[in-house]
Amino acid sequence: MTERLQTPSFADQKTGWDLDAMNGGTRFVRACLRQPVDRTPVWFLRQAGRYMPEYQAVRRHHSLLEICKQPKLAAEVTITAAEKLDVDAAIIFADLLLPFECMGLDFEFQAGEGPVIHSPVRTADDVARLRTDRASELGYVAEAIARVVTHFKDHLGIIGFCGAPFTLASYMIEGGGSRNYIHTKTLMYRQPDAWRSLLDKLATVLRDFARQQVEAGADVIQVFDSWVGALSVEDYRDFVLPATKALIRDIQALGVPVIYFGVDTASLLPSMRETGADVLGLDWRTPLDTAWRTLDYACAVQGNLDPITLFAEPDLIRRRVHQILDQAGGRPGHIFNLGHGIVPNTPVENVQHVVRFVRERLSENRHA
Ligand code: CP3
């Protein structure tokens, strides 16, 4: 790995790791690299979303895209959520679909409908028209990251992110969310050259976008392949793995670890591992220990509490959190998270409880 990951700020340079000196950023990055930590780091997918009253208050005056494009606002939303929850990492407030605009595709978020892409990509000509030379227009995300880095210094891990080629291609082709991915798979099967060109074009833009975020100070990049679970193992390997692997390798070459995240991925995990990602995100359908064993413990793992558990009583939440920590068994390379994002109406105090429940293990371990 490059210098960035081996700065003298790491506590274990000479004398082994110093429990009291370890800050959240160090703890989080070390866990991504499967190095020992004082306690399991914790953060939440969608930690800055609509369940949070502070976000709703900002949203009353600004659209989602306005928040994303005004670095001051995006940074404020990111910082407020991370501080309120007292987590070990802050994910920059942005959206998966932002790169579409600079590729020449207009979209909007319609209330209750999710994203709508006005002219979906359906033909080889549509793919040929997509631009790959305007990623610099996404500079507002890097600017927001720089503000968050200035605020937290190295006390928290700062996560930049982008979509993965498959998940972004599926939005481009379907024109929005989808159940069966019929248009996506039709293009993939019937026009494999156009499909490959589309994924390569996306990877080109995403690589540049990730580079901007790393240069602005992101410690880690998470690549969201949220809907990859719609694919069979064969289709993933034939049509998706090569471009995804190339993207992840290129981001790692910038000197940061990569978290590769998908949902419904139990059967895909060994193939996803072949991307070389440092960390794989796990959903809650497979017990963490089973999933990690499937991966031969060859990478770090992030997860995997069912986000809907956050609607239960604290006692049950606590049991589930401890079960997951038991399954991880203190092995280096576990980052506590949900198996997917926090949903609207989740009680904020239950999210805060999870942080406390993860932290309880610190005192238990140290007094053991
Ligand atoms: O902590 C955070 O909340 C970080 C910010 C963040 C947003 N989108 C803001 C957002 C992140 C990490 C994303 C990623 C994203 N965007 C994903 C992958 C995440 C995952 O959970 O797998 C996806 C699939 C998208 C595309 C997208 N953006 C959809 C499908 C929607 C509609 C979702 C819905 O529930 O309505 C969005 C809108 C969106 N992006 C919202 C937020 C906070 C909610 C809408 C709003 O505030 O108006």
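Structure notes:
- Cross-chain or 6+ apart pairs with Cβ under 8 Å, the range 54-70 first and among the basic types (Lys, Arg), then open to solvent by 80 Å² or more (accessible area, probe 1.4 Å): ARG59/ARG50
- Candidates are the residues of the range 150-205 that are within 13 Å of the ligand (Cβ to nearest atom) and over 20 Å from ASP106 (Cβ atoms); the one that is surrounded by the most Cβ atoms within 10 Å (Cβ to Cβ) is ALA164.
Conditions tested, residue by residue: (1) closer than 30 Å to ILE335 by Cα; (2) open to solvent by 10 Å² or more (accessible area, probe 1.4 Å).
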site: GLU76; (1), (2): yes, yes
site: ILE79; (1), (2): yes, yes
site: LEU97; (1), (2): yes, no
site: GLY104; (1), (2): no, yes
site: GLY112; (1), (2): no, yes
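- Cross-chain or 6+ apart pairs with Cβ under 6 Å, the range 122-144 first and under 13 Å from LYS201 (Cβ atoms), then in a helix (DSSP H, G or I) and β-branched (Val, Ile, Thr): THR132/THR204; THR132/VAL205; ALA135/VAL205
- Test for LEU241: is it more than 17 Å from PHE161 (Cα to Cα), more than 12 Å from the ligand (Cβ to nearest atom) and in contact (Cβ under 8 Å) with a residue 24 or more places away in the chain: yes
- When each of ARG318, ARG273 is tested for being under 16 Å from CYS32 (Cα atoms), modelled with pLDDT of 95 or more and not small (Gly, Ala, Ser), the lone residue that passes is ARG273.
- Per the conditions (1) over 22 Å from VAL233 (Cβ atoms); (2) within 16 Å of the ligand (Cβ to nearest atom), the sole criterion not satisfied by GLY281 is (1).
- Enumeration of residues in the range 260-285 that are in a loop (DSSP other than H, G, I, E, B), open to solvent by 30 Å² or more (accessible area, probe 1.4 Å) and on the phi < 0 side of the Ramachandran plot: ALA266, SER267, GLU274, TRP284, ARG285
- Members of the range 60-73 that are within 18 Å of PHE107 (Cβ to Cβ) and either away from the ligand (no atom under 12 Å from the Cβ) or in a helix (DSSP H, G or I) (or both): LEU64, LEU65, GLU66, ILE67, CYS68, LYS69
- Subset of the range 291-334 (residues that are more than 21 Å from SER226 (Cα to Cα), open to solvent by less than 80 Å² (accessible area, probe 1.4 Å) and not in a loop (DSSP other than H, G, I, E, B)): PRO314, LEU316, ILE317, VAL321, HIS322, ILE324, LEU325, GLN327, ALA328
- Residues that are among the aliphatic types (A, V, I, L, M), within 12 Å of the ligand (Cβ to nearest atom) and surrounded by fewer than 24 Cβ atoms within 10 Å (Cβ to Cβ), drawn from the range 29-56: LEU45, MET52
- Selection within the range 1-35 - assigned to a loop (DSSP other than H, G, I, E, B), at pLDDT 55 or above and within 22 Å of the chain's Cα centre (by Cα): ASN23, LEU33, ARG34, GLN35
- Lone qualifier among THR244, THR265 - being in contact with a helix residue (DSSP H, G or I) (Cβ under 8 Å, 6 or more places away or on another chain), of a type in the set (Ser, Thr, Tyr) and farther than 24 Å from CYS102 by Cα: THR265
- Selection count where residues are on the phi > 0 side of the Ramachandran plot and out of contact with any Phe, Trp or Tyr (no Cβ under 9 Å at 6 or more places or on another chain), scope the range 286-316: 2
- Cβ separations smaller than 6 Å between residues 6+ apart or across chains give the following pairs from the range 337-363 residues that are among the aromatic types (Phe, Trp, Tyr) to residues that are assigned to a helix (DSSP H, G or I) and at pLDDT 95 or above: PHE357/ARG318; PHE357/VAL321.
- Which numbered condition ASP88 fails, given (1) crowded, with 21+ Cβ neighbours inside 10 Å; (2) within 12 Å of the ligand (Cβ to nearest atom); (3) among the charged types (D, E, K, R): (2)
The values are calculated or read from the model by the stated rules, or taken from the named source; none is laboratory data. Worth saying up front: this structure is predicted, and the values here are computed from it rather than measured. Cβ sites come from the backbone with ideal geometry, for glycine too, and all protein chains shown count toward neighbours. We work out accessible area using only protein heavy atoms, side chains counted, and drop any ligands, DNA or RNA first. Shrake-Rupley method; radii C 1.70, N 1.55, O 1.52, S 1.80 Å.
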